[in-house]
Every structure is written in C-alpha cells, then in structure tokens.
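Taking it in order: structure first as structure tokens, then the write-up.
Rule-based calculations on the coordinates, nothing more; no lab input. What you see is a predicted model, and the numbers here were worked out from it, not measured in a lab. FYI the Cβ positions are ideal-geometry reconstructions off the backbone, even for glycines, and counts take in every protein chain you see.
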Amino acid sequence: MKQLFRRIPIPLERNPYEVLIGVDGLHEIGKELLKAGSPRGTKVLVVTNPDVAGPYAEIVIKSLQKSGFWPTIKILEAGEMNKTPNTIEIIHDAAYQAKLERSSLMVALGGGVIGDMTGFAAATWLRGLPVVQVPTTLLAMVDASIGGKTGVNHPQGKNLIGAFHQPKLVLIDPSTLKTLPQREFRAGMAEVIKYGVIGDSILFKKLEAMDDLSDISCLDDKTMNEILERSASAKAEIVCKDEYEGGIRAILNYGHTFGHVVETLAGYGTWLHGEAVSIGMVAIGELGLDINSWEKEDAERQKKLLTKAGLPTAWPSLEPEKVIRTLQGDKKVQQGNIRFVIPNKIGSVGIRDDIKREQIIKLLSRIN
C-alpha cells in the first residue's frame, strides 16, 4: 500500500513531532491525531479564515468527527493588520465558549497569520494547550508552521509579542495550493528561495533551471513536492539544533530584518510577508556587497531568481532615521547591537553584529 504521507521527524528532546506532507491529507487529520496520541472525545477548536473555511473547513471537521473528536470552528479575518492581541482575545473567548480543557486541542487551518495567532492563543490559554498546524499557503507550509514560533504584532514592530510553542503535529496538504491566489504563492516562493541562499545551493540551482516560478501552474507535482520536502527538512534540521533561536536558528531570519522594517513602516498589509522578505533579501545582499562578504555575481543571481518568482526587489521610499529606529527595536537586537544574517555565497550565510550605523545609512542612501 502506497504511503499517503512523506513523514519528516522533528526530534526535539522535549516536544518531538512530525511534519506530514501528502495530497488530500486534510481527509486524514482525524486518524493522524489518533496516531499522535490524542484520544477520542477530545475537544478541538479549529481556527481558520473565510477564504480557507469555504473549501476546506468541512473536510477537516468531518475527518475529526469521524475519528471521534468534538470539533468547534472559529472563523477570523486573517491578514497582518488583524494579527493583534485583540484577535487573540477573540480566540480565547471561543476557547472558553467551547469549554476547552487542558487535554483539548487547537487546530490552525490557514496561512501564517492564522498559524501564528492560533499557536500563541494555544500557548496562553489554560497555560498551554496543544496546537496542530494545518498550513494552506506555501509560505506557511515551508516556514511559519514549523518550529514553534507564535505571536502577534505590536505597533512598533512585527512579532514582538509571542512565545515558542511547538505544535503537536504539522499536516501539509499540497492540494490546498490549487486555490491559493497567485500573489500569495509568489510570497511563499520568497521563503523557498531563502532556503536556497542560506544552506541549499542545490535547491537554488534547481529553481534557477525553472523557466517560471511565479505561478503554481508552472510547477509539476513532483517539483512542488520536492520544494516542500527540501524546505521543511531544512527548517527541521535547523530547529532541532537550536529550538529557541540562541544560535544557528537565527540564519532563518535571512532577509527578515530589513523585511520586517518594510512591513512595519509601510503599514501592515501593504506588503505580504514574503514580498517584504524578498525586498529584505535584496537589501541585505547589497549590504553584503558593501562589506565584501560575497560576490556581485551571487547578489545578481539572487535578485534574478526573486524576479523570476514575480517578487518585488526594489527598496521602498522610507525615511532612513525611521529605518534605523525600527531596526534597533527588532527582537533580534542583542546588547544594543543589530544582528544581521549576511550572505557569504549562494548556500552559505553568517551572523554579524558589527555593522555600523554609518554603513546602514550609506546602504539606504544607495538603494533608496
């Protein structure tokens, strides 16, 4: 019998779990939760958004009911502008109304925003409930759903309020990408390309060999599955080495430091997260040229690949002093020093905290 799922283990010492990747996997979520140790009769709060609820909520609810779970659904508006403490309160209210217990579960059915918010709500309700991540966007599949980062935004910065809360299970059904808007698909490709730059030069070359990366119709199922598996495996390996981002896990923030500045200063919702990361990757690539950390050829390859994916690469018009202040308020700042993930070559990056203010100002004046 053919295996439905490709199973990628996340063998953390205290919270091991699996990432399951399989077409039509949504139909199997009930069975997989039983396998993961959740007993029949467990109450489950499924959190989703309207666009995802339409095609997929009934499938998930029926699968849970068939396996003996007691599901309740809460539909929220997603989007970065709704990723706030107020929305967490709405999820908490739904948890109270559903009479969730410490043995109950929350299921995040949606993109990265739904995953982040549901994970944080689960981490903080009854001092911590298990959460299951069921990502339906490419960005969430390859990045946001894996690793246990949860949280919401603060007016002064992205994801400043949050907690590490590892999921009980991550279930990825690639068939949900068929209904993903093109812009969202492109945003997810930014994170895929990121994995190529930070540690997988083979993946990067495979993407370079593709004629077009801007739409899912350009990729066959085999290629799409390889992208999902390589990206998920790369993140799994890094998370297992550094669960709480004390060291090497910081390389996953490549492009994110400048990207978060773009999201914050432009206003949440102006740019999708992956679009901002794309802009941030090009910006940090230019900084890499300024400090001679990598070759111009590699910077051009990165920019060309992002462009092939239909992603923005130009730095928006932002006031340099506001950029500096936002960078200094980033959660990755240590002892007042801004930590940047700097590219060394395609497939290798390093972490630097010795970049001077003058160098940043010079960069901004050049790319503005």
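Points to keep in mind about this one:
- 5 angstrom amide H check on Lys74, placed H, neighbours 5+ away: Val46, Val47, Thr48
- The peptide list 302-308, 287-293, put in order of mean Cβ contacts within 10 Å with the highest first, becomes 302-308, 287-293.
- With contacts taken as Cα pairs under 8 Å at a separation of at least 6 residues, the range 6-179 carries a relative contact order of 25 percent.
- Note, ³J(HN,Hα) from phi for the range 169-183, Karplus 6.51, -1.76, 1.60, rounded to Hz, x at Gly and Pro: 6, 10, 10, 10, 10, x, 5, 5, 5, 5, 9, 7, x, 4, 4
- Stretchable slack from Ile351 to Ala314, in nm (0.36 nm times residue separation minus alpha-carbon distance): 11.0 nm
- Shape of the range 6-179, Cα gyration tensor, a/c cut at 1.5: rounded
- Straight-line cross-link partners of Lys322 among the lysines, defined as a Cα under 19 Å from its Cα and at least 8 positions apart when in the same chain: Lys158, Lys331, Lys332, Lys356, Lys362.
- The distance between label points at Ser217 and Val333 comes to 4.7 nm (points 7 Å beyond Cα on the Cα→Cβ vector).
- The HN-Hα couplings worked out from phi for the range 347-361 by the Karplus form 6.51 cos²θ - 1.76 cosθ + 1.60 (θ = phi - 60°) are x, 8, 9, x, 10, 10, 10, 10, 6, 7, 4, 4, 5, 5, 4 Hz, whole numbers, x standing for Gly and Pro.
- Taking a straight Cα-Cα cut-off under 16 Å and skipping sequence neighbours fewer than 8 places away in the same chain, the lysines within cross-link reach of Lys66 are Lys31, Lys35, Lys43.
- On the basis of the beta-carbon distance and an R0 of 51 Å, Ile367 and Lys31 show a calculated FRET efficiency of 0.50.
- Relative contact order (%) - criterion: Cα under 8 Å, at least six apart; region: the chain: 15
- For the chain: span of alpha carbons on each principal axis (Å, largest first): 60, 42, 37
- Sequence-distant residues sharing a close amide H with Thr42 (under 5 Å, placed H): Trp70
- Between helix 221-241 and the chain: long-axis angle, C-alpha atoms, 0 to 90°, nearest 10: 80
- Rounded to the nearest 500, the 222 nm mean residue ellipticity of the chain from helices alone is -13000 deg cm²/dmol, with -39,500 (n - 2.57) taken per DSSP H run of at least 4 residues.
- Dividing the mean sequence gap of close Cα pairs (under 8 Å, 6+ apart) by how many residues the range 182-367 holds gives a relative contact order of 28 percent.
- The spacing between the range 253-275 and the range 159-203, judged by their C-alpha centroids, is 15 Å.
- Relative to the longest principal axis of the Cα atoms of the chain, the long axis of helix 273-290 makes an angle of roughly 30 degrees.
- Sequentially through the range 111-118, phi angles give Karplus couplings (6.51, -1.76, 1.60; θ = phi - 60°) of x, x, 5, 4, x, 5, 5, 5 Hz, Gly and Pro residues having no value and appearing as x.
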